[in-house]
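To start, the structure itself, in structure tokens.
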Amino acid sequence: MDETDDDRLSALEIDRYKRHILLPEVGGTGQQALKRARVLVIGAGGLGAPVLQYLGAAGVGTLGIADDDRVSLSNLQRQVIHDTGSLGEEKTESAARALARLNPHVRVIRFTERFSPEWARLQLSGFDLLIDGSDNFETRYAAADAAEEARIPLVTGAVGRFDGSVTVLKPHETNAAGEQNPCYRDLFPAPPPEGLIPACAEAGVIGALTGVIGTLMAMEAIKLITGAGEPLVGRLLLYDGLSARFDTIRYRRRKTG
């Protein structure tokens, strides 16, 4: 892709991102890719907060935020993009204001509505990466289907009380062996029965856990945008906070017929 004036980094941006630019795996080219990137984040909550903060700090040029909720006091134990002064505000408004303070070079697009398949068909064409920080299976399956239909990568994460997981989905592409990459239903064929897995409002969640998983999600997004490293495609990264242990499970496309 030819460089345009919008891609060029200003002197202030070069100074801001110099620690990235020093990395051979990122460099000026990778930083320009971050500046061009348009990323939609579902949820400005426990997972979305660190995702938005680190992608904003990294210089992602356009961040979309889809969330129809407002900031409540019980959010502040883990949703660190918000603060006491933003109680009662729309989460998209509170998050956008925090990002403006963090990095004025980032454009924020607010969608104060719930993510749905119908909404995704209207909006996803304006983004090249989707990140799912939602807290329910309905949205996770809808996000996976929408990203596959739009042929863009998806970074998805989830947390329990003290544990979490992250994976990257690119089912519209093939791997190095020429095999189709797996989709979300290859990993989770069907959602669990309603009520089997309690929400964090019922079971609780340790606040720092969402920071660990959300930061890992942001790292995967940066890798996808810059081309650095090997994203978690076909791999589910598991984290157990109580034992301080990481494990990885590999999964593949399910054979049909």
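When 205, 233 are screened for being of a type in the set (A, V, I, L, M) and over 23 Å from residue 135 (Cβ atoms), only 233 passes.
Scanning the range 228-251 for residues that are out of contact with any helix residue (DSSP H, G or I) (no Cβ under 7 Å at 6 or more places or on another chain) and under 20 Å from residue 177 (Cα atoms) returns 230, 233, 234, 235, 249, 250. Of all the listed residues (231, 192), the sole one being in a loop (DSSP other than H, G, I, E, B), under 23 Å from residue 26 (Cα atoms) and touching a residue at least 24 places away in the same chain (Cβ under 8 Å) is 231. Each residue in the range 115-128 was checked for being touching a helix residue (DSSP H, G or I) at 6+ places or on another chain (Cβ under 6 Å) and closer than 25 Å to residue 81 by Cα, and 3 of them qualify. Just checking, which of 49, 95 is over 19 Å from residue 171 (Cβ atoms), at pLDDT 95 or above, among the small types (Gly, Ala, Ser) and touching a strand residue (DSSP E or B) at 6+ places or on another chain (Cβ under 7 Å)? 95 is the lone residue from the list that is over 19 Å from residue 171 (Cβ atoms), at pLDDT 95 or above, among the small types (Gly, Ala, Ser) and touching a strand residue (DSSP E or B) at 6+ places or on another chain (Cβ under 7 Å). Being within 20 Å of residue 172 (Cβ to Cβ) and at pLDDT 95 or above is the requirement here; does residue 254 meet it? When the stated conditions are applied, residue 254 does not pass them. Might you check whether a residue that is farther than 26 Å from residue 7 by Cβ and polar (S, T, N, Q) occurs anywhere in the range 98-110? Taking every residue of the range 98-110 in turn, none turns out to be farther than 26 Å from residue 7 by Cβ and polar (S, T, N, Q). Checked against (1) within 19 Å of residue 154 (Cβ to Cβ); (2) surrounded by fewer than 18 Cβ atoms within 10 Å (Cβ to Cβ); (3) not charged (D, E, K, R), residue 100 passes all but condition (1). Within the range 137-162, the set of residues being of a type outside the set (Asp, Glu), touching a helix residue (DSSP H, G or I) at 6+ places or on another chain (Cβ under 9 Å) and in a helix (DSSP H, G or I) comprises 140, 141, 142, 143, 144, 146, 147, 150.
No other residue among 165, 134 is assigned to a loop (DSSP other than H, G, I, E, B) and in contact with a strand residue (DSSP E or B) (Cβ under 6 Å, 6 or more places away or on another chain) apart from 134.
The values are calculated or read from the model by the stated rules, or taken from the named source; none is laboratory data. All figures in this text were calculated on a predicted structure; none of them were measured in a lab. With ideal geometry, Cβ positions are generated from the backbone for all residues, glycine too; neighbour counts draw on all protein chains shown.
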